[in-house]
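The values are calculated or read from the model by the stated rules, or taken from the named source; none is laboratory data. The model shown is predicted, which means the values in this text are computed figures rather than measured ones. Cβ: placed from backbone, ideal geometry, glycine included. Neighbour counts: every protein chain shown.
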Amino acid sequence: MSNSTSIAVTSTTACPCGTGQTYGKCCQPFHAGSKLPATAVQLMRSRYCAFALGLGQYLAETVPEEKAHEFAARTVSRQKCRWTNLEIIKTEAGGLFENTGYVEFIASFTENGRRETLHENSRFLRHNGKWLYVDGEMLP
């Protein structure tokens with residue numbers, strides 16, 4: 001039995017990132033590599049979705065090279081939590097014509113039967129036309 005608690009979705013089911021769109025019209029094109037997120041918040045949502053689905057390779061591809069090892073597929077697939085909700089609190093910059101952006105969010109998950117939240121203000125940079133997650137400040 002696998003330790004992974006990633007969920008199964010299809011292109012016609014609701015996207016785990018919470019936009020209300022189907023996975024096929026929301027995060028799947030990013031995960032498949034057929035489209036790049038145009039804004040920092042799109043990257044934030046697609047990374048949350050990748051955590052929920054256990055897509056470690058996508059997570060590794062959306063950080064600077066020196067941080068990619070932190071998101072190895074093996075590590076993500078072994079996570080013992082189930083991501084349940086993403087709430088975007090606020091965004092600063094990170095638009096179509098900007099190169100830096102911040103996204104404050106609360107991600108909810110269940111781990112070992114306990115409900116938990118992760119509240120972070122994430123920093124994103126656009127490098128060679130591609131948004132990357134750089135780091136984040138944990139908030140109370």
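Here Leu53 fulfils each of the conditions (1) farther than 19 Å from Ala8 by Cα; (2) buried (at least 18 other Cβ atoms within 10 Å of the Cβ); (3) of a type outside the set (Val, Ile, Thr) apart from (1). If you scan segment 17-37, which residues turn out to be touching a residue at least 24 places away in the same chain (Cβ under 8 Å) and part of a helix (DSSP H, G or I)? Residues satisfying the conditions are Tyr23, Phe30, His31. Of all residues in segment 28-50, those that are surrounded by fewer than 22 Cβ atoms within 10 Å (Cβ to Cβ), under 14 Å from the mean Cα position of the chain (by Cα) and among the hydroxyl-bearing types (Ser, Thr, Tyr) total 1. Any residue at all in segment 92-101 that's modelled with pLDDT of 95 or more and more than 18 Å from Lys130 (Cβ to Cβ)? Taking every residue of segment 92-101 in turn, at least one turns out to be modelled with pLDDT of 95 or more and more than 18 Å from Lys130 (Cβ to Cβ).
Scanning segment 91-140 for residues that are part of a loop (DSSP other than H, G, I, E, B) and either free of Cβ contacts under 8 Å to residues at least 24 places away in the same chain or in contact with a Gly (Cβ under 9 Å, 6 or more places away or on another chain) (or both) returns Gly94, Gly95, Phe97, Gly113, Asn128, Pro140. Considering every residue within segment 20-27, establish whether at least one is surrounded by 20 or more Cβ atoms within 10 Å (Cβ to Cβ) and either modelled with pLDDT under 95 or within 13 Å of the chain's Cα centre (by Cα) (or both). There is at least one residue in segment 20-27 that is surrounded by 20 or more Cβ atoms within 10 Å (Cβ to Cβ) and either modelled with pLDDT under 95 or within 13 Å of the chain's Cα centre (by Cα) (or both).
Scanning segment 38-61 for residues that are of a type in the set (Gly, Ala, Ser), in a helix (DSSP H, G or I) and within 25 Å of Glu92 (Cβ to Cβ) yields Ala40, Ser46, Ala50, Ala52.
Filtered by the rule that a residue be of a type in the set (Phe, Trp, Tyr) and closer than 16 Å to Phe51 by Cα, segment 96-140 gives Phe105, Phe109, Tyr133.
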